[in-house]
Amino acid sequence: MTTQSTTDTAAMGDTSLTAFYRDMNPLERRTFWACFFGWVLDALDFMIYPLVIGTLIAMWQIDRGIAGAAVTVTLLASAFGGWIAGYLSDRLGRVRTLQITIVWFCFFTLLCAFAQNYTQLMIFRALLGLGFGGEWAAGAVLIGETIRAQYRGRAVGSVQSGWALGWGAAVLLQAICFSLLPAEEAWRWMFALGAIPGLAVLFLRRLVPEPEVAVEARAQAVDKPPIWAIFRGDLLKTTILASILCTGAQGGYYAITTWLPTFLRAERGLTVVGSTGYLAMIIIGSFVGYLVGAWLADRLGRRLLFIIFAVGAAAVVLPYTVLPISNEIMWLLGFPLGFFASGYFSGMGAFLTELYPTILRGSGQGFCYNFGRGIGALFPTLVGFLAERLSLAAAIAAFGLTAYALLVIAALLLPETRGKELTAD
């Protein structure tokens, strides 16, 4: 089992954000960049669909609830894929599982470009989701086990910032494609181009070896624990609370980001290109939030990070979506919205890594994070259906605030893990 270090190693050494990178050895740096670019690709491929929802609604004459269902199906599939990939990473290894998941979701991203109707697109998105969920499950364990305890929060959190860059790349790709091509063709090119970077990430993965603690743990294991071992004994409570924590984190995030492009265009009257500046402000806030969250994860601890950022996100999402503010004020509020709604994810990977013993780490981390993703997957669909009765803004706010309340409650009930050393036994 993982053991608590008698010394709070998180408090030792240089506490600046960049200290971990300066002190990394070559193996740690290769692992860092491989996982970072994997997360960039994950975000790029996932965020393409929310950016083209408005085009598909108009082109295929589908309502918002049905359009949101494609996001839900993708996330539900990713929940299952993430759990299975976490389990496989405990059996086959972290790196091999990562390679499989990257090839998988890049292939189905490419197929989305050739969908002839909404049903085909939903099927391809569901299959894409299996690999999308698996990539995070194996990658987060890999980086968490490779980086030393005193730097784990900052390193894993900085990897998480790759999501903002991937989201930004998707928005830039949207602006280019929709400026040069008619909407009926632009969305297809977005999916096609989104699959290409996967080849480079796959090459990077080949330069990264399996973490020693994982290799040692598999060698020591006489009997391989079953996939349901995370629901036994003392781990049951941990699994339940960590799953609620991840549900709140991801439910709030997906309720907001899935419908934000449509909200800006449908209820604020902005064009696709005109909304790019608003999304850019949110994405910049997200990137900064990830980095600040990474620093705070080691400085203040994982639990306090979750609570501060969830409360901050709740305080910003209400005026952003509901109050009658000008477009100029909305543009400014985009920075704190992105900052708080994304920053708490910086502590998630390190926290889940430290909650489970090495032999079950992939299974536990994969299940909890992706259970949260699966339940949080319902939020975009529910927002879409509720928006048919209320405004889209009110629906986004209602589900966002509910999710942040779950995040705070679970954080209060789970133990602090900052500074925990990982061992094979």
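The values are calculated or read from the model by the stated rules, or taken from the named source; none is laboratory data. Because the structure is predicted, anything quoted here is derived from the model rather than measured. We place every Cβ from the backbone using ideal geometry, glycine too, and count neighbours over all the protein chains shown. The area values use the complete protein model at the heavy-atom level, side chains included, leaving out ligands, DNA and RNA. Shrake-Rupley method; radii C 1.70, N 1.55, O 1.52, S 1.80 Å.
Read through the list (1) open to solvent by 20 Å² or more (accessible area, probe 1.4 Å); (2) under 19 Å from Ile48 (Cβ atoms), then give the number of the only condition that Trp163 fails.
The single condition Trp163 does not satisfy is (1).
If you scan the stretch 286-309, which residues turn out to be open to solvent by 40 Å² or more (accessible area, probe 1.4 Å) and of a type in the set (D, E, K, R)?
Listed by number, the residues that qualify are Arg299, Arg303.
Looking at (1) at pLDDT 90 or above; (2) open to solvent by less than 10 Å² (accessible area, probe 1.4 Å), which is the one condition that is false for Gly144?
Condition not satisfied by Gly144: (1).
If Thr97 passes every condition in (1) closer than 29 Å to Thr353 by Cβ; (2) touching a helix residue (DSSP H, G or I) at 6+ places or on another chain (Cβ under 9 Å); (3) modelled with pLDDT under 80 but one, which one does it miss?
(3)
Against the condition touching a residue at least 40 places away in the same chain (Cβ under 8 Å), farther than 23 Å from Leu296 by Cα and touching a strand residue (DSSP E or B) at 6+ places or on another chain (Cβ under 9 Å), how does Thr381 come out, does it pass?
no
Only one of (1) modelled with pLDDT under 85; (2) within 17 Å of the chain's Cα centre (by Cα) is not met by Val383, so which one is it?
(2)
Can you tell me which residue among Thr119, Thr109 is open to solvent by less than 10 Å² (accessible area, probe 1.4 Å), in a helix (DSSP H, G or I) and on the phi < 0 side of the Ramachandran plot?
Result of the check over Thr119, Thr109: Thr109.
Pull up the stretch 3-54, narrow it to residues that are buried (at least 18 other Cβ atoms within 10 Å of the Cβ) and of a type in the set (S, T, N, Q), then point me to the one that is modelled with the highest pLDDT.
Thr31
If a residue must be at pLDDT below 75, closer than 25 Å to Gly349 by Cβ and open to solvent by 10 Å² or more (accessible area, probe 1.4 Å), how many such residues does the stretch 258-285 contain?
Selection size over the stretch 258-285: 0.
Consider Arg64 against the criteria (1) among the charged types (D, E, K, R); (2) open to solvent by 50 Å² or more (accessible area, probe 1.4 Å); (3) within 17 Å of the chain's Cα centre (by Cα): it satisfies all of them except one. Which criterion is unmet?
(3)
Among Asn370, Asn327, which is within 19 Å of Ile244 (Cβ to Cβ) and among the polar types (S, T, N, Q)?
Asn370
Modelled with pLDDT under 85, open to solvent by 40 Å² or more (accessible area, probe 1.4 Å), under 16 Å from the mean Cα position of the chain (by Cα) and within 22 Å of Leu41 (Cβ to Cβ): is that true of Leu130 in this structure?
For Leu130, the condition - modelled with pLDDT under 85, open to solvent by 40 Å² or more (accessible area, probe 1.4 Å), under 16 Å from the mean Cα position of the chain (by Cα) and within 22 Å of Leu41 (Cβ to Cβ) - is not met.
How do the pairs read when you match residues in the stretch 101-127 that are within 19 Å of Leu75 (Cβ to Cβ) with residues anywhere that are modelled with pLDDT under 90 and not in a helix (DSSP H, G or I), using Cβ under 7 Å and keeping only pairs 6 or more apart or on different chains?
Cys106/Ala195; Thr109/Ala195; Tyr118/Ile62
Can you name the helices (runs of 4 or more DSSP H) wholly within the stretch 310-424 that have at least 1 residues being more than 30 Å from Gln220 (Cα to Cα) and open to solvent by 10 Å² or more (accessible area, probe 1.4 Å)?
Per the criteria, 327-343, 361-376, 378-387, 392-413.
Can you tell me which residue in the stretch 56-84 is nearest to Leu127 (Cα to Cα), limited to those that are out of contact with any helix residue (DSSP H, G or I) (no Cβ under 6 Å at 6 or more places or on another chain) and of a type outside the set (A, V, I, L, M)?
Phe80
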